[in-house]
């Protein structure tokens, strides 16, 4: 009698999911394993499996970053735009240099983001540290 009841109500309710199916059916009928029977029935319903797409996003695989062997072997370079700039302020961007091993971060103000200016700024910084 229980499988017939589940089949009939599931078709009548236009094949709703297990939770809505249980919320509707719990007021009309009762047996001890009603919730698990509903959940199993909906999971095994071939019409539901074919018609309802899996909307859960795929989990990306976790990847650990490769740690270099020596300091300053790998540098990450990026620019950050200064949001509000006054007329007297000369610099519009910040050059961010990040060492991959030590995670040491250097922030250098720059006027623009061209490759020439980035290299020049980096070169001047390296000369200062010698």
For residue 40, the lone unmet condition from (1) more than 30 Å from residue 107 (Cα to Cα); (2) loosely packed, with under 10 Cβ neighbours inside 10 Å; (3) over 27 Å from the mean Cα position of the chain (by Cα) is (2)
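So, restricting to helices (runs of 4 or more DSSP H) that lie completely within segment 31-129, which ones have at least 2 residues that are modelled with pLDDT of 85 or more, more than 30 Å from residue 19 (Cα to Cα) and outside the structural domain of residue 14 (by TED's automatic domain parsing)?
Working: elements: 34-44, 46-51, 115-128.
Qualifying helices (runs of 4 or more DSSP H): 115-128.
Going through segment 99-118 one residue at a time, which ones are out of contact with any strand residue (DSSP E or B) (no Cβ under 9 Å at 6 or more places or on another chain) and surrounded by 10 or more Cβ atoms within 10 Å (Cβ to Cβ)? So that I can check it myself, show each step before the final result.
Kept after step one, since they are out of contact with any strand residue (DSSP E or B) (no Cβ under 9 Å at 6 or more places or on another chain), are these residues of segment 99-118: 101-103, 114-116.
Of everything in segment 99-118, those that are out of contact with any strand residue (DSSP E or B) (no Cβ under 9 Å at 6 or more places or on another chain) and surrounded by 10 or more Cβ atoms within 10 Å (Cβ to Cβ) turn out to be 101, 102, 114.
The values are calculated or read from the model by the stated rules, or taken from the named source; none is laboratory data. Everything quoted here is computed from the prediction, not taken from an experiment. Glycine gets a Cβ as well: all are built from the backbone with ideal geometry, and neighbour counts include every protein chain shown.
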